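Working notes, beginning with the structure itself.
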C-alpha cells in the first residue's frame, strides 16, 4: 500500500486546495461583489466570485472585460465614504 501524501492528508482533513501551496478550510462562493468583505480571523477561507449570472457588464469603456481585481477595487471604492 502506498503511503498517503500530504495533499491526501489535507483533503482527508476537509481542506480545499486553492493553489499548489495554499489550502483553506472553506471556499465561499459569492454571486455579487460585496461592499464589505467579512474577515474570518479564526479560520482560513477563500472566496470564489462567480459573476457569470450577473446582469451587470464588467467591461471597460473599450468593451474589454475587467480583471477581477479591477471589479473588486471599483466596487469597494465606489462605496467608500
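Read-outs: derived from the displayed coordinates by stated rules, not from any lab. Since the structure is predicted, the reported quantities are computational estimates derived from the model, not experimental observations. So basically every Cβ, Gly included, is an ideal-geometry build from the backbone, and we count neighbours across all protein chains shown.
Descriptive notes on the structure:
- Flag for residue 38 being within 16 Å of the chain's Cα centre (by Cα), free of Cβ contacts under 8 Å to residues at least 24 places away in the same chain and surrounded by 13 or more Cβ atoms within 10 Å (Cβ to Cβ): no
- Each residue in the range 20-45 was checked for being part of a loop (DSSP other than H, G, I, E, B) and either in contact with a strand residue (DSSP E or B) (Cβ under 9 Å, 6 or more places away or on another chain) or more than 22 Å from residue 9 (Cα to Cα) (or both), and 15 of them qualify.
- Scanning the range 1-26 for residues that are farther than 22 Å from residue 73 by Cβ and in contact (Cβ under 8 Å) with a residue 12 or more places away in the chain yields 10, 16, 23, 24, 25, 26.
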